[in-house]
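In what follows, a single structure is set out as structure tokens and then discussed.
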Amino acid sequence: MSVWEQIYTAHLTIGGSQITWREIIGNGFGMASAIGGMRRKVWAWPVGIVGNVLLFTVFAGLVFGMDDRAPMLGQAGRQIFFIVTSLYGWYVWRESKNKGSTGEAVIPHWASAQQRLGYVIAWGAGVVVMHWVFEIIGAGWPAPWWYFWCDAWIFVGSLLATYAMARGWNDFWLMWLAVDLVGVPELIYAKYYPSAALYALYALLVAYGFTQWLRASRSRDVAAREMEAS
């Protein structure tokens, strides 16, 4: 076995199930990125990218012939798009921090009614399109009928949530909750237990992060009204 294969297949055995270190570490970077995002830290984006790279190798494992679990091509594919979207978010937050008088990477606020309508339509249309794409590509294993719909929902929702985070919309936390409601059961079904457990933990962090961003946006609104009154 080559050094690369040893690194790739390094794992723990818990409850009779093998869990690769790539999955554990990749999800750890994902958690760190989520915490950084909640605190509105620019470093959240590059940290998240590292996690995306590691998790891509996890979800596409069978494609490389190094994992006996069912490959989750939708989950693997979204890691690639996460990287692209995260590069955009990294740039936006860094520029915002450099130009802003407060030194903050982003000021939380709600999306406008028009923006909200736009992402709801994009989510719905995107799910239909990606379901069709995923069906054409195939899962590489005998997936149940609902699998492609779930993967399309997770794929599109994750991209929109990442974009909304880059824009500083409070809405992105609610988007992540909607993604996790589908993503956690799907990961459990496919036996990606560490990722499922971390996504469940994400849901708790997301709920808390939402309250923090909501508080910050309300403080911003109060400050704006006081300035107008004066």
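So the values come out like this:
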| quantity | calculated |
| --- | --- |
| Zone residues, segment 151-166, relative to LYS99, backbone N less than 20 Å from point 7 Å out along Cα-to-Cβ | 163-166 |
| Whole-Hz couplings from phi, Karplus 6.51/-1.76/1.60, listed for segment 163-168; x for Gly and Pro | 5, 5, 5, 4, 7, x |
| Under Karplus coefficients 6.51, -1.76 and 1.60, residue-wise ³J(HN,Hα) of segment 201-214 in Hz, glycine/proline x | 5, 3, 4, 5, 5, 4, 4, 5, x, 4, 5, 5, 5, 5 |
| Ordering of 35-45, 151-161 by burial proxy (mean other Cβ atoms within 10 Å per residue, highest first) | 151-161, 35-45 |
| Karplus-derived 3J(HN,Hα), 6.51/-1.76/1.60, for each residue of segment 35-51, Hz, glycine and proline x | 5, x, x, 4, 8, 6, 9, 4, 5, 4, 5, x, 5, x, 4, 4, x |
| Per residue accessible area of segment 83-181, 1.4 Å probe, in Å² | 52 |
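The values are calculated or read from the model by the stated rules, or taken from the named source; none is laboratory data. Predicted model, so just to flag it, every value in this text is computed and none were measured. Glycine also receives a Cβ, built like all others from the backbone with ideal geometry; neighbour counts cover every protein chain displayed. With ligands, DNA and RNA removed, areas are computed over all heavy atoms of the protein, side chains included. Shrake-Rupley method; radii C 1.70, N 1.55, O 1.52, S 1.80 Å.
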